[in-house]
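*Asks:* Structure incoming, see below.
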Amino acid sequence: MEDKRGPIEVYAEFDPGLRELWQNVDDVARELRELVAVEPTGKPIQIILFRDQGSYLRYLASSIPQARKRRAIFYRNGDVFQVYAYRSRTLTTDLRHEVTHAILHQHLPFLPLWIDEGLAEYLEEPESLRSGSSRTRTARWKARVGWSPSIKSLESIPSAESMNADEYTDSWAMTCMLLNESDASRQALRDYLAMIHKGEAPGPFSKFQKTVESEVFSRSNSYFRKTLIRVSSNSSRP
Ligand SMILES: [Zn+2]
């Protein structure tokens, strides 16, 4: 089945529940706009959904071999931004994650891997489930024994293929903190992405002036111990 809304098209080998699917796409786009002022450009986004893993793998084996190890993938094909996934219990999560990548890559010529994956991991969970999710509780628990993500290690991740599960979690946690810790921390991330959007190269986030001024890293452990995602992304921030 096929459906289309503006520049976004869906092709599915099964009935994916279009109402809910569009709702999820809209939610991700709205949150990206509200949180970090990132918006789709209007170039085509194609969402291609397979009936099962076998069908997904057969289709992508020759064209996108890196899809083999993953449940879903975002792939840029010239001016067309494609999201591939297959029917499974995690389809909604996978779809939200990859649509986040598609919109980020439309708006920005490049971005650090940890921000790319951090926002995708953050937005893959619907807003209402975030503060009670198992990874939020795990992070709070780990923070009690001294953990907080290290920006230095995140900034030295060489490639997406090399990222391990801990690095995904730390990217998520760091992004989560920047979005919710304070107005200054969120503004640092927004301004950093705005510079990249304008075609400038702001250097590493940790050395970005707004980041340094926010002093957010000096408060990371206490943020994760006490306040992780208590602030809703719906609060009225500029
Ligand atoms: Zn990803």
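Values quoted throughout were computed directly from the atomic coordinates according to the rules given, and no laboratory measurement underlies them. Since the model is a prediction, treat every value here as computed from it, not as a measurement. Virtual Cβ from ideal backbone geometry, glycine too; neighbours counted across all protein chains shown.
*Asks:* For region 68-123 and region 160-180, what is the separation of their C-alpha centers, rounded to whole Å?
*Replies:* Their Cα centres are 14 Å away from one another.
*Asks:* Before rounding to the nearest 500, sum -39500 (n - 2.57) across all DSSP H runs of length at least 4 in the chain and divide by the residue total; then give [θ] at 222 nm in deg cm²/dmol.
*Replies:* Values: 10 runs with 113 residues, N = 238.
Value at 222 nm, helices only: -14500 deg cm²/dmol.
*Asks:* Express the relative contact order of region 113-227 as a whole percentage, based on alpha carbon pairs under 8 Å and six or more residues apart in sequence. Kindly include the intermediate steps, with their values, before the conclusion.
*Replies:* Numbers: 100 pairs, mean separation 39.8, N = 115.
For region 113-227, the relative contact order is 35 percent.
*Asks:* Find which of Ile229, Leu119, Ile64 sits farthest along the positive direction of the dipole of the chain, computed with +1 on the beta-carbon of Lys and Arg, -1 on that of Asp and Glu, about the Cα centre.
*Replies:* The one lying farthest along the dipole's positive direction is Ile229.
*Asks:* Right, here's the next one. Run the dipole for the chain about the Cα centre, Lys and Arg Cβ at +1, Asp and Glu Cβ at -1, nothing else charged, and hand back the magnitude in debye, nearest 20.
*Replies:* Numbers: 33 positive and 32 negative charges, 136 e Å.
Its charge dipole is roughly 660 debye.
*Asks:* Taking each pair of distinct Cα atoms in the chain once, what is the resulting Kirkwood hydrodynamic radius in Å?
*Replies:* For the chain, the Kirkwood estimate is 18.5 Å.
*Asks:* Another question, if that's okay. Hey, fewest Cβ within 10 Å first, where do Ile196, Ile45 land in order?
*Replies:* Working: Ile196 17, Ile45 25.
The order, fewest Cβ neighbours first, is Ile196, Ile45.
*Asks:* Let me have the relative contact order for region 1-151, percent, based on Cα pairs under 8 Å that are six or more residues apart. Before the final figure, lay out the partial values.
*Replies:* Numbers: 192 pairs, mean separation 31.3, N = 151.
It comes to 21 percent, rounded to a whole number.
*Asks:* Which is farthest toward the positive dipole end of region 113-227 among Ser156, Ser133, Ser206, measuring Cα position about the Cα centre, with Cβ charges +1 (Lys, Arg) and -1 (Asp, Glu)?
*Replies:* Ranked along the dipole, the leading option is Ser133.
*Asks:* Please arrange Tyr122, Tyr168 by how many other C-beta atoms lie within 10 Å of their C-beta, fewest to most. Let's see the in-between values first.
*Replies:* Details: Tyr122 26, Tyr168 16.
Arranged by neighbour count, lowest to highest, Tyr122, Tyr168 become Tyr168, Tyr122.
*Asks:* To continue, here is another question. Using a 10 Å cut-off around each Cβ, can you sort Leu18, Leu119 from fewest to most neighbouring Cβ atoms? Present the calculation step by step, with values, prior to reporting the outcome.
*Replies:* Values: Leu18 13, Leu119 30.
Going from least to most buried by this count: Leu18, Leu119.
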